[in-house]
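Worksheet for the structure shown next.
The values are calculated or read from the model by the stated rules, or taken from the named source; none is laboratory data. Note that the structure is a prediction, hence the values are computed from the model and not measured. Using ideal geometry, Cβ is built from the backbone for each residue, glycine included, and neighbour counts are taken over all protein chains shown.
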Amino acid sequence: MSEPISSVMFVCVHNAGRSQMAAGYLSHLAGDRVEVRSSGTMPADKVNPAVVEAMLEEGIDISSNTPKVLTDEDVKASDYVITMGCGDACPFYPGKIYLDWVLTDPAGQGVDAIRPIRDEIRGLVENLIAEIDQKTSH
């Protein structure tokens, strides 16, 4: 196994929906090339079951994931910090790449409403992988 070329931290409020889907996709699509973390500013007790179901449709099992609280250490250890609806709550450190993805919150939504959010996240993650690959190929 090779060393990861970058580390990415996904942050949303509850770490139960958007950030879990993004982390699931990045782990699935980039494999061990990227170290993946996710957390929330006010983590929920569990990952949204409808989000788990939507990701299973893609062949990605996030059912064993648990929401985690955002820490300064996680941000410090990441090259990319991607926020989703909680940018102001995220600590800022120089030298990090900060991105804010504006996405609908899937909390309280059924699988039918989550699928378009999931698909949008997949596209954003694919673009992120291309950006990481481009930066590290030079």
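Within segment 99-112, track down each residue that is surrounded by fewer than 16 Cβ atoms within 10 Å (Cβ to Cβ) and either over 16 Å from the mean Cα position of the chain (by Cα) or among the aromatic types (Phe, Trp, Tyr) (or both). Within segment 99-112, 108, 110, 112 qualify. Screening 22, 54, 44 for residues that are over 16 Å from residue 119 (Cβ atoms) and among the aliphatic types (A, V, I, L, M) leaves exactly one candidate, 44.
Going by the conditions given, is residue 72 in contact with a Gly (Cβ under 8 Å, 6 or more places away or on another chain), at pLDDT below 95 and charged (D, E, K, R)?
On the way: in contact with a Gly (Cβ under 8 Å, 6 or more places away or on another chain): no; at pLDDT below 95: yes; charged (D, E, K, R): yes.
No; evaluated as a whole, the condition is false for this residue.
Residues that are at pLDDT 95 or above, basic (Lys, Arg) and either in contact with a His (Cβ under 7 Å, 6 or more places away or on another chain) or more than 14 Å from residue 12 (Cβ to Cβ) (or both) within segment 79-126 comprise 115, 122, listed in sequence order. Checked against (1) closer than 19 Å to residue 125 by Cβ; (2) surrounded by 23 or more Cβ atoms within 10 Å (Cβ to Cβ), residue 85 passes all but a single condition, namely (2). The set of residues in segment 63-82 being surrounded by 16 or more Cβ atoms within 10 Å (Cβ to Cβ) and within 14 Å of residue 21 (Cβ to Cβ) consists of 65, 67, 82.
For segment 3-24, indicate whether the set of residues that are without any contact (Cβ under 8 Å) to a residue 60 or more places away in the chain, part of a loop (DSSP other than H, G, I, E, B) and either exposed (fewer than 13 other Cβ atoms within 10 Å of the Cβ) or of a type in the set (Gly, Ala, Ser) (or both) is non-empty. Scanning segment 3-24, I find at least one residue that is without any contact (Cβ under 8 Å) to a residue 60 or more places away in the chain, part of a loop (DSSP other than H, G, I, E, B) and either exposed (fewer than 13 other Cβ atoms within 10 Å of the Cβ) or of a type in the set (Gly, Ala, Ser) (or both), so the answer is yes.
Sort out which residues of segment 85-130 are charged (D, E, K, R), touching a strand residue (DSSP E or B) at 6+ places or on another chain (Cβ under 9 Å) and not in a loop (DSSP other than H, G, I, E, B), and write them in order of number. Talk me through it step by step, then tell me what you get.
From segment 85-130, those charged (D, E, K, R) are 88, 96, 100, 105, 112, 115, 118-120, 122, 126; that's our starting set.
Cutting the leftovers down to touching a strand residue (DSSP E or B) at 6+ places or on another chain (Cβ under 9 Å) gives us 96, 100, 105.
Matches in segment 85-130: 100 only.
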